[in-house]
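Each remark here refers to the structure printed beneath this line.
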Amino acid sequence: MAGGKSPKRSRKRSLGRPFALLWAAFAVSAFGTRLAFDAFPLVAILALDAGPAQVSLLAAAGGLVGALLAVPLGPWIEFRRKRPVMVATDLLRCAALLTVPAAYALGLLTFGQLLVVAVVTGAADLAFRAAAGACLKDLVAPEQLLVANGRFEATSWTTTMLGPPLGGALVGMFGPVVTVVADAVSYLLSALGIRAIGSDETPPRRAAKPTGDGSAGRLSARELLAGWQYVLAHPALRVLFVNTALVSGLIMAVSPLLAVLMLGRLGFAPWQYGLAFALPCVGGLIGSRLAGRLVERAGQRRVLLVAGTLRAVWLPGLALVGPGPGGLVLVVAVELALITCMGVFNPVFATYRLEQVPADRTARVLSAWSVTSKITVALLTGLWGLLADLVGTRTAIALAALLALATPALLALATPALLPWRPRPPRPASPAHPAEDAGSRAL
């Protein structure tokens, strides 16, 4: 019996050299990004004496404008080879980021430059994600997608756990722009890794368009919206689309409020705050390792529904955080449970989404999804900041948590599409037409 299982296990673990290069490129760039976590706000504060309004503008405008600029990129990427696009966006991010330390060294750095670089890197990041999803689908077999996404998820949580503390130490030793340089170098290394995969990529196909109207080289409004149209027409993806955007937005909206609560009113030290969010990332590793086994036992769609529901039930605990060691333990416990559920849900969800989207629409769907998520996060973060000013930080966290508790109702709407509880019974054979029945069996 053991001998019969080993070939399946080895096939799961060996995804080939092209995937290994893509994975290494992802790991390097993800670690660079986590080293530079909140690098722009730090540079704005430490080098430019920026105030709260400017820092908030930098965070919100960079994400929003970058997302809007990325809207036409999904359809444009769809009909081009994905690996050159990924290399180009990596190099663009590297070049844009390197202008920051260069201007800083020359004493020419301005807030406007930081804002432009944030917009450019934000748009390039969304374009890279859209191309990377299509590239992954081209590189690995369908049955290997969950294993691949699980490895990306584990890598993401590992870099999240290690990167910010190390980045903070580097800033303390070498100044505010050192992590920006590290992030830029990580994109260069990522581009080299993706370039090493080679050029044996499935050529993209584009449906024939009428000619003679002068629009052959332009994207139509229908093509721009094709990603959203496909998602909204799909019964399960439509609900998951709204659910994931709302849950992610609420989680991210709570994050700055919790920082204000812990570092201000409750008097936690910065290292304690960092520890409260670094330790729970172990849950992401645990969840990503469990995802494949849970799918084997319970099925992909049941795992999506259960893990997706459990993501939403932990946020109310953050509204109860108090001072001292007990409060710190509570934050760690809540975040650990939340991140473990995310570690299970994310790779299963990413795999299901890729399986449901045809190859000629993957980039557009992923781009539409990322743009919507980015805009939702920015809007909810800004809205909850205003809400906190009106009703208080703890109350605003509690309201976000209550709204999060309502999101599983959306997943309940997806249940008929995800879990067809009452499969259609087979049609009984008609005794009056034996020849027709025999023909049907032959077909």
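The values are calculated or read from the model by the stated rules, or taken from the named source; none is laboratory data. Keep in mind it's a predicted model, so treat the numbers as computed, not measured. All Cβ positions, glycine included, derive from the backbone under ideal geometry; neighbour counts span all protein chains shown. Quick note on the areas: whole protein, heavy atoms, side chains included, nothing else; ligands and nucleic acids left out. Shrake-Rupley method; radii C 1.70, N 1.55, O 1.52, S 1.80 Å.
With every protein chain left in place, what is the accessible area per residue of the chain in square angstrom, probe 1.4 Å?
Numbers: 21880 Å² over 443 residues.
Here the per-residue accessible area is 49 Å².
Run the accessible area of segment 85-167 with a 1.4 Å probe and give the carbon-and-sulfur part as a rounded percent. C and S atoms contribute 73 percent here. Per residue, the convex hull spanned by the alpha carbons of segment 76-206 comes to 113 Å³. Working from label points 7 Å from Cα in the Cα-to-Cβ sense, the A409 to L330 distance is 2.7 nm. For I45, the accessible surface of its heavy atoms amounts to roughly 80 Å² (probe 1.4 Å, protein chains only, rounded to the nearest 10). Note on the chain: the alpha carbon radius of gyration divided by the globular reference 2.2 N^0.38 Å gives 1.07. In terms of packing, defined here as the mean over residues of other Cβ atoms within 10 angstrom, the peptides 272-279, 125-132 line up highest first as 125-132, 272-279.
Summing Cβ point charges (Lys, Arg +1; Asp, Glu -1) relative to the Cα centre of the chain gives a dipole of roughly 1480 debye.
Counting only Cβ charges, +1 for Lys and Arg and -1 for Asp and Glu, the dipole size of segment 257-393 around its Cα centre is about 360 debye.
Taking Rh as the Kirkwood radius computed over C-alpha pairs, what is the Stokes-Einstein D of segment 120-170 at 10 °C in a medium of viscosity 1.306 mPa s, expressed in µm² per second? Using the Kirkwood radius from Cα pairs, D works out to 123 µm²/s. Axis angle, to the nearest 10 degrees, between helix 235-260 and the longest C-alpha principal axis of the chain: 10 degrees. Take the Cβ atoms of R80 and E143, set R0 to 30 Å, and the FRET efficiency comes out at 0.65.
Which length gain, in nm to one decimal place, applies between L108 and A169 when the Cα-Cα distance is subtracted from 0.36 nm times their residue separation? Numbers along the way, then the final one.
Working: separation 61, 0.36 × 61 = 21.96 nm, distance 2.53 nm.
The L108-A169 span can extend by a further 19.4 nm.
Our helix-only sum for the chain, with -39,500 (n - 2.57) per DSSP H run of n ≥ 4 divided by its residues, gives a mean residue ellipticity at 222 nm of -26000 deg cm²/dmol. Note on Y104: accessible area is roughly 100 Å² with a 1.4 Å probe, heavy atoms of protein only.
Each Lys or Arg adds one and each Asp or Glu takes one away; over the other residues whose Cβ falls under 13 Å from the Cβ of A59, this sums to 0. Here the Gaussian network model covers the chain, with springs between Cα atoms less than 10 Å apart; of E296, E78, E153, E296 fluctuates the most.
Amide hydrogen proximity for G392: with H placed 1.01 Å from N in the peptide plane, no residue at 5 or more positions away or on another chain lies under 5 Å. Just the protein heavy atoms count here, and of the accessible area of segment 282-329 at 1.4 Å, carbon and sulfur take up 68 percent.
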